Amino acid sequence: MMRLAYGQLRSADRETLLNARQMGIDRVQFNLPFDLPADRYWKYEDVARLREQCDAYGVTVEAMENLPIRFYDKAMLGLEGRDEQIDNVCESIYSLGRAGIPVLGYHFSPSFVWRTDNRAPVGRSGARVQAFDLALQQQGIDDMADFGQRRDVPICADRLWENFAYFMERVIPACESCGVTMALHPDDPPLPSLSGIDRLFIDVESYKRAEEIVRSPNWGLLLCIGTFSQMAGGAKNIFEAIDEFGPRGRIIYAHMRDVQGTVPKFQECFLGEGNFDPFEVLYALGHSGFDGFIVSDHVPAIEGDTAWGHRVRYADTGYMRGLMEAIDKMERRQRAAAEQKAAGPQTKKDTSVGKEGIEG
């Protein structure tokens, strides 16, 4: 059943975990958590400790997301030392499986995420949002270079596909042996190439090709709804992906965010003011057979909020919960009406009392 979680957490801190429970959320997803030491791979003891911190608050860890790029950059680029890195990725996967964390979200983009402005004050009433403009990127403007997650090594798409196949052929058996599923995030922004570095996962067709390569029940999509919205054509990409992969159980979990515009120029925004209708997306997901979890993804920075964006994430989660409850109630009423119609007209029992009854 489709469910909500708090996502993109960096720490298993008391405030966030307790707030999650107070807000009626008992599931979380971590993205490169500060609480998890990272050398060459994630060790079981560290992963287990993180999960136990969440267990103490009655919170289930749904997934880990984004291995540090230095864990597998040589594997993505096909450089010497890639086999050792792949072995270490498998060790991280074994650690997750042993600790009972069933999903690893990942990307296969050595150049990572690009934005030309990471805090543009162009959102509603001056809220700060991430923005991208290819014309500015081509002038050398890169506002995410200091994230330390980029390998600017020129590589062509054919070589990247070869490296992807080589990588997946070796890590998927580890996933299958310990019950971990890998969920692939699209390239953000979804452009064929940036600065001489090609990018693979930029449309629905590229995911179809990846599925043909992997062919495992332990692989699927991390449906970043915002990135699919950024693709040429906008919101139609979201529904095409849901229709293609949802009924076959290939959507593992979803990021909920939106943008205004599409490549080559877009800016992020609040839910409900971008390219897609959140109601329609959640309705389509729910009817596709999707039974994973959804998290709020990138959020605008509003006045007085925290670095993680507690206020906006709480608002997003409440918004999604309201839509999901509305969809559920609407469908229950529709089913009840259909059942009543199928049963045919009902004869009302005459409960009136005649003259004889009064006099008797």
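The values are calculated or read from the model by the stated rules, or taken from the named source; none is laboratory data. What you see is a predicted model; the values in this text were computed from it and never measured. Cβ placement follows ideal geometry from the backbone for every residue including glycine, while neighbour counts extend to all protein chains displayed. With ligands, DNA and RNA removed, areas are computed over all heavy atoms of the protein, side chains included. Shrake-Rupley method; radii C 1.70, N 1.55, O 1.52, S 1.80 Å.
Are there any GluC sites (Glu not before Pro) in the range 68-141 that are in a DSSP loop and have at most 15 other Cβ atoms within 10 Å? List them by number. Numbers along the way, then the final one.
Values: sites: GLU80, GLU84, GLU91; in loops: GLU80.
Hits after loop and neighbour filter: GLU80.
By the rule of a C-alpha distance below 19 Å, with chain neighbours fewer than 8 residues away ignored, the aspartates and glutamates paired with LYS341 are GLU331.
Computed extension length for ARG10-GLN22: 2.4 nm, one decimal, from 0.36 nm per residue of separation with the Cα-Cα distance subtracted. Taking packing as the residue-averaged number of other Cβ atoms within 10 angstrom, the listed peptides 64-71, 19-26 run from highest to lowest as 64-71, 19-26.
Taking Cα pairs under 8 Å and at least six residues apart, what relative contact order does the range 201-360 come out at, in percent? Intermediate values should be presented prior to the final figure.
On the way: 179 pairs, mean separation 27.1, N = 160.
Normalised by residue count, the contact order of the range 201-360 is 17 percent.
A Gaussian network model of the chain, with springs between Cα atoms under 10 Å, assigns the largest mean-square fluctuation among ALA343, ALA75, ALA120 to ALA343. For the chain, relative contact order (Cα pairs under 8 Å, six or more residues apart, normalised by length) works out to 15 percent. Remark: the chain carries 46 Å² of accessible area per residue (probe radius 1.4 Å; ligands, DNA and RNA excluded).
Taking all protein chains as present, what is the carbon and sulfur share of the accessible area of the range 288-335, in % to the nearest whole number, probe 1.4 Å? For the range 288-335, the apolar C and S fraction of the accessible surface comes to 51 percent. Across PRO278, PRO173, PRO190, mean-square fluctuation computed from a Gaussian network of the chain (C-alpha pairs under 10 Å connected) peaks at PRO173. A simple spin-label model places the labels of ALA135 and TRP308 3.9 nm from each other, with each point 7 Å out along Cα-to-Cβ.
Pairs from the table (LYS74/LYS265; LYS74/LYS236; LYS265/LYS329; LYS208/LYS265; LYS208/LYS236; LYS236/LYS329) lying more than 28 angstrom apart at Cα are LYS74/LYS265; LYS74/LYS236; LYS265/LYS329. Quick check on the chain: take the gyration tensor over C-alpha atoms, sort the square-rooted eigenvalues as a ≥ b ≥ c, and tell me if it's rounded (a/c under 1.5), prolate or oblate. It is prolate, given that a/c is not under 1.5 and a/b is the larger ratio. The C-alpha atoms of the chain define a longest principal axis, and helix 82-99 lies at about 30 degrees to it.
The listed residues CYS178, CYS156, CYS54, once ranked by accessible area (1.4 Å probe) with the largest placed first, stand as CYS156, CYS178, CYS54. Spin-label model, TYR166/ALA326: points 7 Å from Cα along the beta carbon direction are separated by 5.0 nm.
Mind checking which of ALA131, ALA63, ALA38 has the largest fluctuation in a GNM of the chain, springs on alpha carbons under 10 Å? Highest fluctuation among the options: ALA38. Averaging the sequence gap over all C-alpha pairs within less than 8 Å and six or more residues apart, then dividing by the number of residues, gives the range 88-218 a relative contact order of 33 percent. Simple point charges give the picture: +1 on the Cβ of Lys and Arg, -1 on the Cβ of Asp and Glu, and for the chain a dipole about the Cα centre of about 740 debye. For the range 124-269, the carbon plus sulfur part of the accessible surface works out to 48%, probe radius 1.4 Å.
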